[in-house]
Amino acid sequence: MAVEGQQGQQGQQGDQAQQGEQPAPTAEEAVALMYYPVAPGYNVNVRSGPGTRYRVVRTLPLGAKVPIFCQRPGETIAGPYGTTKIWDNVGVGEYVSDAYVKTGSDGYVAPRCA
């Protein structure tokens, strides 16, 4: 069983946040996007694809909120919000296991990624 979050460990958040920053959304996108909280107490890995075999592109800081642009199936992960194979696309080429994102649903809350 793969674990994607590291509870209570703060890493080099400043450097990683700057390296992984996304362009600001347009006004239309900002209105349409919902941001979902990441599980409290976890630094969650953001990966280049929907599984732990993909490289870590950055790590979310404690208390982060993420947009979900689309979702896709991938590796099954167990986390604080259950066990799921759903991965959330939170940026261009960036995925987080839905097991670490509080969406209020066990299913898809966004369109499937193309």
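Annotation: LEU60 carries an accessible surface of approximately 10 Å², with a 1.4 Å probe and no ligand, DNA or RNA atoms counted.
Note on CYS113: accessible area approximately 30 square angstrom, rounded to 10, probe 1.4 Å, nucleic acids and ligands left out.
Going by accessible surface with a 1.4 Å probe and the largest first, GLU94, GLU75 read GLU75, GLU94.
Its convex hull of Cα atoms gives region 50-98 a direction-averaged projected area, equal to a quarter of the hull surface, of 3.4 nm². Once both labels are positioned 7 Å from their Cα atoms along Cα-to-Cβ, the gap between ALA78 and ARG112 label points is 2.7 nm.
The values are calculated or read from the model by the stated rules, or taken from the named source; none is laboratory data. Fair warning: this is a prediction, and the values are worked out from it, not measured in the lab. Ideal geometry is used to build each Cβ from the backbone, glycine not excepted, and the neighbour counts take in all protein chains shown. These accessible areas exclude ligands, DNA and RNA; they are computed on the full protein's heavy atoms, side chains included. Shrake-Rupley method; radii C 1.70, N 1.55, O 1.52, S 1.80 Å.
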